[in-house]
1. Please work out if Gly22 is part of a loop (DSSP other than H, G, I, E, B) and closer than 30 Å to Asp133 by Cα.
2. Within segment 78-134, count every residue that is over 18 Å from Val26 (Cα atoms), surrounded by 16 or more Cβ atoms within 10 Å (Cβ to Cβ) and of a type in the set (A, V, I, L, M, F, W, C).
3. I'm trying to understand the selection: among the residues of segment 19-33, which are of a type outside the set (Gly, Ala, Ser) and over 16 Å from Thr122 (Cα atoms)?
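Computed from the coordinates by the stated procedures, all read-outs in this text should not be read as laboratory data. Because the structure is predicted, anything quoted here is derived from the model rather than measured. Glycine gets a Cβ as well: all are built from the backbone with ideal geometry, and neighbour counts include every protein chain shown.
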Amino acid sequence: MTATGPDSLRLELLVPERVRTGERVVIRLGLQNVGPRSVDLYLRGRTPTFDVVVARTTGDVIWRRLEGEIILAIVHLRPLAPGERLEAEVVWDQRSNAGEPVGAGRYRVQGLLLVEGEPRRTPSTSLRIAGADE
């Protein structure tokens, strides 16, 4: 799923459509400047900080990558040249932030880039966790 903002930045989220119960879920996030000019990003933390949110189809959040993490209040200026891309890979072990296995079912996944002010968000995308008998 991709979202392009008014400043020519494209935020992408790549999630497998289906995984089996217990498999690691590899989630990739990317930010690319698709415009003809450099764009200044005002990022939170020392390095680009991407978050991932996994929720049930009811909207109940079960896992947040940055849950309980301390994000420095530092704002880091990062110019992004035309065509330049930032990427991050996150691995989710199918456990809630409380440490419980989440089980088979359908989930919604959304990526966020923490910037000064409101985070940039991808549209949410569907992930199906298939049980062992499927």
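1. yes
2. Number satisfying all stated conditions: 3.
3. Val19, Arg20, Thr21, Glu23, Arg24, Val25, Val26
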